[in-house]
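See structure below.
The values are calculated or read from the model by the stated rules, or taken from the named source; none is laboratory data. Keep in mind that this is a model prediction, so the values were computed, not measured. Don't worry about glycine lacking a Cβ; one is built from the backbone with ideal geometry, like all the others, and counts go over all protein chains shown.
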Amino acid sequence: MKKIAVVGAKGKMGSVVCDVLKKDFEIVKIDIGDSLEFKQNIDLVIDFANSETSTKSVKFAVKNNIPVIIGSTGQTKDQEKFIKDASRKIAVLKCSNFSIGIQIIKKIIQNILKFNIQDVGIFEKHHREKMDSPSGTALELESEISKSFGGKVQLLAERGGREIGTHKIDFYFGDEVISLEHKAFSRKAFADGVLLSAKFLIGKPAGYYNFYSIVQN
């Protein structure tokens, strides 16, 4: 059985990831502040802690020539560059949202933007403890839309309660609007995508992999 180190294992997302993956993998739980340094025979690192631990996880993965999955968000531009540069040496997958539904929405967006869209707005809502705002998913959707949309995408974020994650995109044209909404009812929606990614990434050559492509296959 392959051995996976999960950084941030005691966190809300990390604990669910551990529960889902333990059926298929041996799990090594790493708390925030704990070191990966002396962990042996690890086949894959998954980080759902924070932006600071994500770079440490990547360094460990490079040192041990193993793949890494980054699910934490809020990285600086330098941190993002460091993670992408590491993909020249190891297999790296970084994604802000591992739900299948968000990947389906990305596919729909490509078709909608073929038409004469005049305005686009993204609204996202998460629980009060989520640190980054707008969410990594909202920024990722904005980037995806901006590739084909010439105007400015409007972003609105709300923090409160126990909201797991809601993202809504409005496409305005003429006297009409098309709205796409994705709502996660539990963190298992994301953990299932992490399981799919872990099974895919182990044994893959160096490269920067895309969760959207994994779902498409």
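Among the residues of the stretch 85-92, are any on the phi > 0 side of the Ramachandran plot and modelled with pLDDT of 95 or more?
Checking the stretch 85-92: not a single residue is on the phi > 0 side of the Ramachandran plot and modelled with pLDDT of 95 or more.
What is the number of the single condition among (1) out of contact with any Leu (no Cβ under 6 Å at 6 or more places or on another chain); (2) modelled with pLDDT of 95 or more that Phe60 does not meet?
Unmet for Phe60, out of (1) out of contact with any Leu (no Cβ under 6 Å at 6 or more places or on another chain); (2) modelled with pLDDT of 95 or more: (1).
Taking the stretch 160-183 on its own, how many of its residues are more than 18 Å from Ile104 (Cβ to Cβ) and more than 19 Å from the chain's Cα centre (by Cα)?
Qualifying residue count, the stretch 160-183: 9.
Check Ala157 against each of (1) within 24 Å of Asp192 (Cα to Cα); (2) in contact with a helix residue (DSSP H, G or I) (Cβ under 9 Å, 6 or more places away or on another chain) and name the one condition it does not meet.
It is condition (1) that Ala157 fails.
Tell me which residues, restricted to the stretch 1-23, are surrounded by 18 or more Cβ atoms within 10 Å (Cβ to Cβ) and either among the aliphatic types (A, V, I, L, M) or part of a helix (DSSP H, G or I) (or both).
Scanning the stretch 1-23 gives Ile4, Ala5, Val6, Val7, Ala9, Met13, Gly14, Val16, Val17, Cys18, Val20, Leu21.
Within the stretch 24-45, identify whether any single residue is in a helix (DSSP H, G or I) and charged (D, E, K, R), and answer yes or no.
Within the stretch 24-45, not a single residue is in a helix (DSSP H, G or I) and charged (D, E, K, R).
Could you run through the stretch 173-191 and say how many residues are outside any loop (DSSP other than H, G, I, E, B) and aromatic (Phe, Trp, Tyr)?
Looking only at that region, the number is 2.
Restricting attention to the stretch 192-207, which residues are within 23 Å of Met13 (Cα to Cα) and outside any helix (DSSP H, G or I)?
Ile202 - this is the single residue of the stretch 192-207 that is within 23 Å of Met13 (Cα to Cα) and outside any helix (DSSP H, G or I).
Which ones in the stretch 177-217 are of a type in the set (D, E, K, R) and surrounded by fewer than 20 Cβ atoms within 10 Å (Cβ to Cβ)?
Once the filter is applied, which keeps residues that are of a type in the set (D, E, K, R) and surrounded by fewer than 20 Cβ atoms within 10 Å (Cβ to Cβ), the stretch 177-217 yields Glu181, Lys183, Lys188, Asp192, Lys199, Lys204.
Go through (1) assigned to a loop (DSSP other than H, G, I, E, B); (2) over 21 Å from Ser197 (Cα atoms) for Ala49 and report which single condition fails.
(2)
Name the one entry in Glu129, Glu158, Glu124, Glu142 that is under 25 Å from Gly74 (Cβ atoms), at pLDDT below 95, charged (D, E, K, R) and outside the structural domain of Thr76 (by TED's automatic domain parsing).
Glu129
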